[in-house]
Amino acid sequence: MKNTPRRADRSPDAASKDSVYLHGLLSVHTFFRWALKNQKLKLCRNLFAGKMTLHDAIVLEPWFDSGYIAAPLYLPPWVQKANGLAGMLAFSLFANKIRLDRVEAFDLSLGA
């Protein structure tokens, strides 16, 4: 994060690029969580079959299922292990239900 101000000074578009990247990160994270909730983790794998949008992965699902579109040849290790991915996403779903507006400092045990 310490490079952010320096980039912003050099480029007026740096902040907007950061917001685009953050939007993409949140979109993909939300997509993966939705796929887990709806038992459609194979959609996450389909994203690696080629350049496509999240919407494409959903719309093209029947084509993947029929074999008309080939499954991806390469999957990153974190996608290969569906149980690990499911575990991380399940924790994320749980953690997002924590209401931070109800957490007080004395509720936290920070090295005590």
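The values are calculated or read from the model by the stated rules, or taken from the named source; none is laboratory data. None of the values given here were measured: they were computed from a predicted structure. Cβ sites come from the backbone with ideal geometry, for glycine too, and all protein chains shown count toward neighbours.
Test Phe94 against the criterion of being modelled with pLDDT of 90 or more and assigned to a helix (DSSP H, G or I), and give yes or no. Explain how you work it out, then say what you get.
On the way: modelled with pLDDT of 90 or more: no; assigned to a helix (DSSP H, G or I): yes.
No.
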Looking only at region 66-82, and only at residues there that are part of a loop (DSSP other than H, G, I, E, B) and small (Gly, Ala, Ser), the one that is nearest to the chain's Cα centre (by Cα): Ala71
Output for region 26-76, where each listed residue is farther than 23 Å from Gly87 by Cβ and of a type in the set (D, E, K, R): Lys51, Asp56, Glu61, Asp65
Pairs, first within 21 Å of Val28 (Cα to Cα) in region 92-103, second part of a helix (DSSP H, G or I) and not acidic (Asp, Glu), C-beta under 8 Å, six or more apart: Ser92/His29; Ser92/Arg33; Leu93/Arg33; Leu93/Leu36; Leu93/Lys37
Residue that is nearest to Leu89 (Cα to Cα) [pool: residues in region 35-55 that are within 14 Å of the chain's Cα centre (by Cα) and of a type in the set (A, V, I, L, M)]: Leu36
Odd one out for Val79 among (1) surrounded by 13 or more Cβ atoms within 10 Å (Cβ to Cβ); (2) at pLDDT 80 or above: (2)
